[in-house]
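See below for the structure under consideration.
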Amino acid sequence: LDEVAPSVTSGATATAIDENSGAGQVIYTATADDSADISGGVSFSLAQGSDAALLINADTGAVTLSTDPDHETQAAYSFTVVATDTAGNISTGQAVTLAVNDLDEVAPTVTSGATATSIDENAGVNQVIYTATADDSGDTSGGVSFSLATGSDAALSIDADTGAVSLSTDPDPETQAAFSFTVVATDAAGNESEQAVTLGINDLDEVAPSITSGATATAIDENS
């Protein structure tokens, strides 16, 4: 007679899946061995306490996740596979865990301000006038690179690694009283954020006064 319960032969860990990889995917396939005596086949089920989002095909052992995985909502799932043979013998359950990989899906935040510190005119060329900073701690991070958006003043350039913005010309408010640019922070996954910035140029007193009184004093009478 079939008096020996089957044993679940599939492992205790399901292969981790990426978040946002879609609902209804098979995340694990249960297998069992019922060869200890006669066997009329095995059916599979999930034990009480298994995550409600998981379903198992009784015939194939395929375990399906009904929801779209999101690491921030639930970083892992747990379930217990039970194998039952036709005589009703039930295996010792196999506890299984499924991890959800945290992907870089949150754009970095530019933390440097919207206004660069004003600089004096005639202060020289190629000076650093602003340093961009960013925070990419919203999820995983492979680093941040910086760039300037289209439409930023052509005289400005940025170091992709350090975020240092340089002005290539000698500032002169009589020529241009302010500069504008937009910093773009891009993480390793391609998520972007922007910060518009303005730079004022201080107008210094560099022009001498001109004497406006005439070249001839009014004549005066002698003995006056």
Checklist entry - What is the local net charge at residue 182, summed over the other residues whose Cβ is closer than 12 Å to its Cβ (Lys, Arg +1; Asp, Glu -1)? => result -3
Checklist entry - Put a dot 7 Å past each Cα toward the Cβ at residue 168 and residue 135; how far apart are the dots in nm? => result 3.4 nm
Item to check | Amide N of the range 169-206 lying under 18 Å from the label point, which is placed 7 angstrom from the Cα of residue 118 along Cα→Cβ | outcome: 171-181, 197-206
Checklist outcome for this item: Between (1) 22.2, 72; (2) 36.3, 151; (3) 17.5, 52, the structure-derived Rg and Dmax of the Cα atoms in Å is (2)
Checklist entry - Each label point is 7 Å from the Cα along the Cα-to-Cβ direction; what then is the distance between the points at residue 103 and residue 125, in nm? => result 4.7 nm
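Please give the charge dipole size of the chain, origin at the Cα centre, charges +1 on K and R Cβ atoms and -1 on D and E Cβ atoms. Round to the nearest 20 debye. Walk me through the numbers on the way to the answer.
Values: 0 positive and 35 negative charges, 142 e Å.
With Lys and Arg at +1 and Asp and Glu at -1, about 680 debye.
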Checklist entry - Carbon and sulfur atoms: what percent of the 1.4 Å accessible area of the chain do they account for? => result 50 percent
Item to check | Those residues of the range 1-41 whose amide nitrogen sits under 19 Å from the label point placed on residue 87, 7 Å along Cα→Cβ | outcome: 1-9, 32-41
Checklist entry - When Lys and Arg each count +1 and Asp and Glu each count -1, what net charge do the other residues less than 13 Å away from residue 90, Cβ to Cβ, add up to? => result -4
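Could you do me a favour and compute the accessible area per residue for the chain, 1.4 Å probe, result in Å²? Walk me through the intermediate numbers first.
Values: 12430 Å² over 224 residues.
Heavy-atom accessible area per residue stands at 55 Å².
All other residues with a Cβ under 15 Å from the Cβ of residue 152 taken together, and with Lys, Arg as +1 and Asp, Glu as -1, what is their net charge?
Details: positive: none; negative: 153, 159, 192, 194.
Here the charged neighbours net out to -4.
The values are calculated or read from the model by the stated rules, or taken from the named source; none is laboratory data. Note that the structure is a prediction, hence the values are computed from the model and not measured. All Cβ positions, even for glycine, are placed from backbone atoms using ideal geometry, and neighbour counts span all protein chains on display. Side chains are part of the model used for accessible areas, which takes the heavy atoms of the whole protein and leaves out ligands, DNA and RNA. Shrake-Rupley method; radii C 1.70, N 1.55, O 1.52, S 1.80 Å.
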